[in-house]
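Quick notes on the structure that follows.
The values are calculated or read from the model by the stated rules, or taken from the named source; none is laboratory data. In this text, all values refer to a predicted model and were calculated from it rather than measured experimentally. Using ideal geometry, Cβ is built from the backbone for each residue, glycine included, and neighbour counts are taken over all protein chains shown. We work out accessible area using only protein heavy atoms, side chains counted, and drop any ligands, DNA or RNA first. Shrake-Rupley method; radii C 1.70, N 1.55, O 1.52, S 1.80 Å.
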Amino acid sequence: MDSDGKSDIVESMHELGLMNHLLQDALAAARGGPVCGLSVRVGPLSGVVVEALQFAFEALSPGSPAAGATLTILETRPSFRCPDCQTRYETPLGAYQCPACGGTAGELCGGNELELVSIEVPDHV
Amino acid sequence: MCDSCGCGHSHPHFHSAGSDHTPPVPATRTVEVRTSALAVNQRYADENRGWFRAKGLHVFNLLSSPGSGKTALLEKTLPRLPHSAAMVGDLQTQRDAERLRNSGAQALQITTGATCHLDAHMVAHALERLNTDGVNILFIENVGNLVCPASYDLGEAKRIVLLSVTEGEDKPLKYPVIFQKADLVLLTKMDLAAAVEFNREAAVAHLRAVAPNAAVLDVSSKTGEGMEAWLAWLESSAAGA
């Protein structure tokens, strides 16, 4: 982790370290300019607690070009492909049965996401 | 702070809100990024996996809550697998590595300080200290924690999650992510099952709800119950990996 004396806290809760990566990616994408908003996609199987991610952002962003920016969390659901009947389906966490054939061998194809989707920057450059 | 877009900066803005009394439109534009927060860890994990393959090492990542019997299980397992070694993560102390070395095996401690999990980078550094001569199985005992370690691929071939009978049958429902990613779930401390009225059927049903395909084995490090099946699973897994 680089910069500004926050390195001593960024690993004490794992969302801090992960949020720091997302923040650095956002700042890099803004090429040093201000960042007004970040959209982050979070899957329920990423192991990340959304509230902790919000807290981490509030702890890390002040003093950076993303100070005061809005963090938008886009939550996904686990998605599967059934190898028996080829159905693609989404389920709540903890219910993995294929709704079409009842199979439980579904292959996970979504729900692990933890990614910075986009940033909002001032439209004057 | 800019009143129009609320972005917290005093830089000059060219908002469309003028004197025409139309509501201010936040004058921002969207820049697509698409980067993963775990991309750095994934790079190290992929490097570790390549290194393990080159060295002929079969690597098992052991995950569980603190006190569910990871170290006790390895104390009984390492002497039975003469070509095995272990690295063990804790926030502080060398105690677990010392315990494992007392069983005669090579064991390295990774102390994480305040960090609640092992990541692939920490493991990569620990590998610099590992003597791989004659070793074909490596156990990585993760920091005791049912939440954070689930997010981090270390480069392992298989994930093993321990659930001790004293923890309660509904742990898989409360912490589904870690169980969902398990290749094998070990029900540990089976010698205490009767004393704590452990309902195995309920525990397995809860586990099946989140991880329908994980293998399940019952073990007791204290009595040796289930050890042969556990060793057979490890050996067949290592042979097939």
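Amide H to amide H, which residues 5 or more places from B:Val216 or on other chains are under 5 Å from it, using H placed in the peptide plane?
When sequence neighbours closer than 5 places are left aside, the close amide H contacts are B:Val185.
With charges set only on the Cβ (+1 for Lys and Arg, -1 for Asp and Glu), what does the dipole of chain B come to about its Cα centre, in debye to the nearest 20?
Here the size comes out at about 320 debye.
May I ask which of B:Lys55/B:Lys222; B:Lys55/B:Lys189; B:Lys55/B:Lys174; B:Lys158/B:Lys189; B:Lys70/B:Lys181 have a Cα-Cα span longer than 27 Å here?
Violating the 27 Å limit, Cα to Cα: B:Lys55/B:Lys222; B:Lys55/B:Lys189; B:Lys55/B:Lys174.
Kirkwood Rh over Cα pairs of segment A:6-120 into Stokes-Einstein at 10 °C, 1.306 mPa s: D in µm²/s?
103 µm²/s
Once every DSSP H run of n ≥ 4 in chain A is given -39500 (n - 2.57) and the sum is divided by its residues, what mean residue ellipticity at 222 nm do you get, rounded to the nearest 500 deg cm²/dmol?
Numbers: 2 runs with 27 residues, N = 125.
When only DSSP H runs of four or more count, the value is -7000 deg cm²/dmol.
How many partner chain Cβ atoms sit within 10 Å of a residue's Cβ in peptide B:37-44, on average, as a whole number?
Mean shielding by partner chains, rounded to a whole number: 5.
Would you mind giving the total buried accessible surface between chains B and A, with a 1.4 Å probe and ligands, DNA and RNA left out, rounded to the nearest 100 Å²?
That pair of chains buries around 3200 Å² in total.
In whole percent, and with a 1.4 Å probe on the protein chains, what portion of the accessible area of the protein assembly as shown is carbon and sulfur?
Working: 8270 of 16340 Å².
Here it works out to 51 percent.
Residue by residue through segment B:40-45, what is 3J(HN,Hα) from phi via Karplus (6.51 cos²θ - 1.76 cosθ + 1.60, θ = phi - 60°)? Round to whole Hz and write x for glycine and proline.
5, 4, 5, 4, 5, 4
Can you give the Rg to Rh ratio of segment B:45-172, both from alpha-carbon atoms, with Rh computed by the Kirkwood formula?
Rg/Rh for segment B:45-172 comes to 0.94.
I need the phi-derived Karplus couplings for segment B:221-234: 6.51 cos²θ - 1.76 cosθ + 1.60, θ = phi - 60°, integer Hz, Gly and Pro marked x.
So the J values, rounded to whole Hz, are 5, 6, 9, x, 4, x, 5, 5, 5, 4, 5, 5, 4, 4.
From the backbone phi of segment B:203-208, what are the Karplus-calculated ³J(HN,Hα) couplings (6.51 cos²θ - 1.76 cosθ + 1.60, θ = phi - 60°) in whole Hz, Gly and Pro given as x?
Running phi through 6.51 cos²θ - 1.76 cosθ + 1.60 with θ = phi - 60° gives 4, 5, 4, 5, 5, 4 Hz.
State the percent of C-alpha pairs, over all pairs in the protein assembly as shown, separated by a distance greater than 30 angstrom.
For the protein assembly as shown, the share of Cα pairs beyond 30 Å comes to 46 percent.
Counting DSSP beta bridges in chain A, what percent are antiparallel, to the nearest 5?
The antiparallel proportion sits near 65 percent.
For chain B, modelled as a GNM with alpha-carbon contacts under 10 angstrom, which of B:Val219, B:Val196, B:Val185 fluctuates the most?
Maximum among the listed residues: B:Val196.
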